[in-house]
Amino acid sequence: MRNIRLSHVGGGPSFGAMHTIAFLGLGHMGLPMAGRLVAAGYEVTVWNRTRAKAVAVPGARVADTPAKAVAGVDVVLTMLADPAAVDAVVFGPDGVAGAIRPGTVLVEMSTIGPTAVAGLARGLPEGVGLVDAPVGGSTGAAGRGELTVFTGGADADVAAVTPVLERLGTVLRCGGPGAGAAAKLVRITAMVSGVTLLGELRAIGAALAVPAELTERLLANGPLAALVERSKGTDSHFAVELAAKDLGLAVEHADAPIARAALERIRSTLPRISGRDVGALANPPE
Ligand SMILES: NC(=O)c1ccc[n+]([C@@H]2O[C@H](COP(=O)([O-])OP(=O)(O)OC[C@H]3O[C@@H](n4cnc5c(N)ncnc54)[C@H](OP(=O)(O)O)[C@@H]3O)[C@@H](O)[C@H]2O)c1
């Protein structure tokens with residue numbers, strides 16, 4: 001039985017049944033997302049490996065460990081770097097799995113792919129719900145509540161956490177367990193491979209002596225126009241390392257030579273653009 005709490009009375013948007021939230025992982029994305037949930041009126045407890053970032057969420061309680069953060073809450077959101085980080089936070093010492101109570105739903109929002117989501121499902125205690133809910137959109141969209149949230153999981157679990165996720169953006173129901181994680185890999189492979197291709201198109205233009213300004217106009221008005229805009233955006237920070245991680249996850253699942261070539265290109269460029277937004281791939285330094 002889920003822990004049903006009808007805490008919202010009167011007009012305005014509904015909180016649904018889930019009112020107390022643990023938010024684990026306060027990087028570029030987690031920080032604005034947790035802030036939105038506090039602003040929406042949820043009771044939020046935050047935890048981050050580097051504690052200094054956790055105290056940067058005004059109005060949230062700060063926990064010392066993932067286990068302390070999740071004790072007694074209705075829903076746990078994780079927004080961490082990669083599968084290894086999620087594994088450490090959920091199954092490591094003082095991790096989520098040792099303290100999360102039956103009836104709680106764990107919403108895994110990092111980009112970790114369906115294989116890692118299946119590992120979570122196998123390891124979580126009986127009675128804990130799991131929803132995979134990675135997001136499309138970067139830091140600016142996270143702050144504005146304009147992410148796309150790709151959900152996978154059992155209907156009841158997804159329905160229970162949808163009011164929370166709707167504070168973060170538009171919820172796109174993708175299917176059963178792992179379906180959100182899978183959908184995200186399709187979407188991110190399009191973005192990262194496409195932005196990488198932009199870098200190559202500029203090189204092709206230069207090799208053909210097409211004036212740089214004309215190349216820019218051709219690209220801005222062509223089929224990759226949305227990616228040109230994304231690569232120049234100033235309100236996004238999606239580190240190139242994370243982009244490489246995502247393509248690596250995607251190519252595990254399919255014979256995808258173009259995505260693999262993009263991944264190789266990113267890996268060879270990485271030492272020169274480490275830590276920068278993925279837009280740097282569209283204009284890689286020589
Ligand atoms: N940035 C974007 O535009 C964007 C958009 C969509 C999806 N995503 C996905 O969302 C996730 C988070 O992205 P982000 O940009 O917020 O990344 P980020 O700024 O690099 O933050 C990563 C978070 O993971 C934590 N972490 C890393 N390794 C850990 C470990 N071993 N144990 C515990 N915590 C660990 C970091 O803690 P510390 O603070 O201690 O380092 C930090 O809280 C990633 O999966 C990314 O692919 C990002």
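Just so you know, all these numbers are worked out from the coordinates, no wet-lab data involved. The model shown is predicted, which means the values in this text are computed figures rather than measured ones. Every residue, glycine among them, receives a Cβ derived from its backbone with ideal geometry; neighbour counts consider all protein chains shown.
Between ALA203 and ALA156, the simple label model (points 7 Å from Cα in the Cβ direction) yields a spacing of 5.4 nm.
Scanning the chain for DSSP H helices at least 18 Å long along the axis (C-alpha atoms) with a Kyte-Doolittle mean no lower than 1.0 picks out 179-207.
Here the contact order of the chain, divided by its residue count and restricted to Cα pairs under 8 Å and six or more residues apart, works out to 14 percent.
Applying 0.36 nm per residue to the separation of GLU126 and GLU213 and subtracting their alpha-carbon distance, the gain on full extension is 25.4 nm. Here the Debye sum runs over all C-alpha atoms of the range 183-282 as equal scatterers in vacuum, and log10 of I(q)/I(0) at q = 0.13, 0.16 Å⁻¹ comes out as -0.44, -0.67.
Projected label points at GLU146 and ARG61, each 7 Å from Cα along the beta carbon direction, are separated by 3.4 nanometres. Given labels modelled 7 Å from the Cα in the Cβ direction, how far is it in nm from ARG173 to SER268? About 4.6 nm separates the two model spin labels. Taking every DSSP helix (H) stretch of at least 4 residues in the chain, weighting each as -39,500 (n - 2.57) and dividing the sum by the residue count yields a mean residue ellipticity at 222 nm of -14000 deg cm²/dmol.
With neighbours defined as other Cβ atoms within 10 Å of a residue's Cβ, the residues SER110, SER274, SER236 order from fewest to most as SER274, SER236, SER110. Relative contact order, whole percent, for the range 183-282 stands at 43, derived from Cα pairs under 8 Å and 6 or more residues apart. The lysines whose alpha-carbon is closer than 16 Å to the alpha-carbon of LYS184, local same-chain residues fewer than 8 away aside, are LYS245. As a calculated quantity, the FRET efficiency between ARG101 and GLU252 at R0 = 25 Å, using C-beta atoms, amounts to about 0.15. The calculated FRET efficiency for the pair HIS28 and ALA88, based on their C-beta separation and a Förster distance of 22 Å, comes to about 0.70.
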